[in-house]
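Quick notes on the structure that follows.
The values are calculated or read from the model by the stated rules, or taken from the named source; none is laboratory data. Small disclaimer: the values here were computed from a predicted structure and weren't measured. Here the Cβ is made from the backbone with ideal geometry for all residues, glycine too, and neighbour counts use every protein chain on show. Each accessible area value is taken on the protein alone, full model and side chains, heavy atoms only, with ligands, DNA and RNA left out. Shrake-Rupley method; radii C 1.70, N 1.55, O 1.52, S 1.80 Å.
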Amino acid sequence: MGLRIGDTAPNFQADTTEGKIDFHEWLGDSWGILYSHPADFTPVCTTEIGRTAQLKDEFAKRNTKVAVVSVDDVKSHNEWKKDVNETQNTSVEFPIIGDEDKKVANLYDMIHENASETATVRSVFFIGPDKKIKATIVYPASTGRNFAEILRVIDSLQLSAKHPVATPADWVPGNDVIIGLGVKDEEIEAKFPKGHKIIKPYLRTTPQPE
Ligand code: BEZ
C-alpha cells in the first residue's frame, strides 16, 4: 500500500549531492517537498531540476526545503548537475539523493511497475513540519511538473494549517477562501474580521486571512 495523506513521511539516511542526510533531521521544523524523477541526463528532468533551483527564493519564503530522488548515484547526479546549471542558467543547491539501491524509491512507492520496472515516476510529496504527508501529486515520466501548482499547493496547505479555511477550485493567493465547515455562523465575525459572504449555509467565503 502506498503512502497516504496523514501518514508519517518515512525517515531515511542517504548520500546526496549536499552530503549525507538523515531526512527528518534535515527537514527540521521546515515544510518539505520530496520529489522523484526518472533518471539523470534526461531532458524533462533537466528542466525540472533547473526550475526548482530557479525557485530557491520562493521555496525559502515558504519555509520549505526541497530534496529530489532518482535511482542514479551521487557521482552521476554531480556530473548531471553541471549540465543543469549550464543549460538552465542556475545553480542547483538542494540535495539530490543517490538511490541506486532504490531504498527511498521503494519506501515512498515511487516505482510504478506498470509504467517502468526500474525508473521512478514523477511523485511529489508535500510534508508538514510535523513530518506528516499533507498532499501528493504523481505525474508520468512524459509530463514535466507545473511548479506554479506546487507552490500554490504549499500556499493552500500553509493557509489551512494556520486558519480554519479551505481554498476553492483554481484558487491562487489573494483570492477569497472558503470558511471551514467547523466554524459556526456566529463565530465568523470574530474569526474573519475582513468580512464574509454566506452564499449557501455550507458555502461561506471570506477574503484571504493574512
Ligand atoms: C525526461 O526526463 O525527459 C524523461 C525521462 C524518462 C523517460 C521519459 C522522459
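The helix-based estimate of mean residue ellipticity at 222 nm for the chain, built from -39,500 (n - 2.57) per DSSP H run of four or more residues and divided by its residue count, is -8500 deg cm²/dmol to the nearest 500. Solvent exposure of the chain, expressed per residue, is 51 Å² of accessible area, with all protein chains present and a 1.4 angstrom probe. Find out how many positive minus negative residues lie around ALA53, taking Lys and Arg as positive, Asp and Glu as negative, among other residues whose Cβ is under 13 Å from that of ALA53. Surrounding charge for ALA53 is -3. Across the chain, the mean sequence separation of Cα contacts (distance under 8 Å, 6 or more residues apart), normalised by length, yields a relative contact order of 21 percent. Computed from the Cα positions only, the extents of segment 101-194 along the three principal axes stand at 55, 25, 19 Å, in decreasing order.
Which value does Rg/Rh take for the chain over its C-alpha atoms, Rh per Kirkwood?
So for the chain, dividing Rg by the Kirkwood Rh gives 1.03.
Computed over protein heavy atoms with a 1.4 Å probe, the carbon and sulfur contribution to the accessible area of the chain reaches 51%. Ordering PHE23, GLN13, THR167 by Cα displacement along the dipole of the chain toward the positive end leaves THR167 in first place; charges were set at the Cβ atoms of Lys, Arg (+1) and Asp, Glu (-1). Take SER160: with every protein chain present and a 1.4 Å probe, its accessible area is about 50 Å².
Counting only Cβ charges, +1 for Lys and Arg and -1 for Asp and Glu, the dipole size of segment 113-207 around its Cα centre is about 160 debye.
Under a model in which nothing but the beta-carbon of Lys, Arg (+1) and Asp, Glu (-1) is charged, the chain shows a dipole of about 780 debye around its Cα centre.
With contacts taken as Cα pairs under 8 Å at a separation of at least 6 residues, segment 87-202 carries a relative contact order of 11 percent.
Across the chain, the longest piece that holds none of the trypsin sites (Lys or Arg not before Pro) lying in DSSP loops with up to 11 other C-beta atoms within 10 Å covers 5-183. When exposed loop sites are taken as chymotrypsin sites (Phe, Trp or Tyr not before Pro) in a DSSP loop with at most 14 other Cβ atoms within 10 Å, the longest stretch of the chain clear of them is 42-201.
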